[in-house]
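The values are calculated or read from the model by the stated rules, or taken from the named source; none is laboratory data. Quick caveat: nothing in here was measured; it's all calculated off a predicted structure. Quick reminder, even Gly has a Cβ in these numbers, built from the backbone with ideal geometry, and neighbours come from all protein chains shown. The protein model used for the area step is the full one, side chains on, heavy atoms only, and it has no ligands, DNA or RNA in it. Shrake-Rupley method; radii C 1.70, N 1.55, O 1.52, S 1.80 Å.
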Amino acid sequence: MMFQLTLRRRGISDRAVLRAMEEVPRDVFVEARDRTEAYRDSALAIACGQTISQPFVVAYMTEQLQLQKQHRALEIGTGSGYQAAILSRLCQHVLTVERYRTLADTARKRLETLGYYNIEVLLGDGYDMPAGAGDFDRIIVTAAMEQIPDKLLQRLEPGGVLIAPVGPHHGTQTLVRMVRTEAGFDRKDLVDVRFVPALPGIAREL
Ligand code: SAH
């Protein structure tokens, strides 16, 4: 209840998004020691020095994506798998990519256990997506990029939307929303955010 109220008070109004936020148990995605903190509106540390994003930011980015049932979505930065779970309630298929094997494996098992079968977790580098992955109606980047790689923008279907935190790796970034138009891309800067950096290559550490 408190969770919903906080999100509404902060301006999340899309009912489908609020429903998805209610449906997905965030406590399953946080570390065991943080279970009691799971429904507070804050980011929490997970394995490999990464974080599960603040619920408001997850809801806000999801709302800005304007997902439709038939959409195929791509997420760069699986982390705990929480954002992917939320997306999966609102569209047809989610491909989520993570550069740490430990995080990818844990998220995959967790999402299977929860029965979220329309999500594929891939160990890989979001800066260097394999061509075989195809194009996407929606792309969400959940790690900070100094700039949006053209390679990623090219994976958007016509009319497609990409959301990414853009800015310095250590500091504040701006959430940027790009829409693919006939002429190119429309850019809109949304709000300031802080994400862990998006780093190139698959992590050498587990
Ligand atoms: N969306 C996640 C939180 C993301 S934290 C959740 O809901 O829990 C950012 C994640 O992006 C980290 O796990 C980090 O390892 C991953 N990451 C950073 N750079 C990446 C890259 N180039 N490709 C794929 N994943 C990346």
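Of Tyr127, Tyr39, the residue with the largest accessible area leads and the full order is Tyr39, Tyr127 (1.4 Å probe). Based on protein heavy atoms only, the range 57-193 ends up with 42 Å² per residue of surface accessible to a 1.4 Å probe. Overall, the accessible surface of the chain at a probe of 1.4 angstrom is composed of carbon and sulfur to the extent of 49 percent.
In loop segments of the range 53-143 as defined by DSSP, the trypsin sites (Lys or Arg not before Pro) with at most 13 further C-beta atoms inside 10 Å of their C-beta are Lys69. Taking a ≥ b ≥ c as the square roots of the eigenvalues of the Cα gyration tensor, the range 2-132 is classed as oblate, since a/c reaches at least 1.5 and a/b does not exceed b/c.
Surface listing: Thr6, Thr172 arranged by accessible area from highest to lowest gives Thr172, Thr6, probe 1.4 Å.
Phi angles across the range 144-154 convert, under the Karplus curve 6.51 cos²θ - 1.76 cosθ + 1.60 with θ = phi - 60°, into 3J(HN,Hα) values of 6, 10, 5, 8, 7, x, 4, 4, 6, 4, 5 Hz, Gly and Pro given as x. The protection proxy used here, the mean number of other Cβ atoms lying within 10 Å of each residue, ranks peptides 77-86, 146-155 as follows, highest first: 77-86, 146-155. Protein-only accessible surface at a 1.4 angstrom probe places the residues Glu182, Glu157 in the order Glu182, Glu157, largest first. Find, among the GluC sites (Glu not before Pro) in the range 19-116, those assigned to loop by DSSP (not H, G, I, E, B) with at most 15 other beta-carbon atoms within 10 angstrom. The qualifying sites are Glu31.
Residue-normalised convex hull volume from the C-alpha trace of the range 57-193: 100 Å³ per residue.
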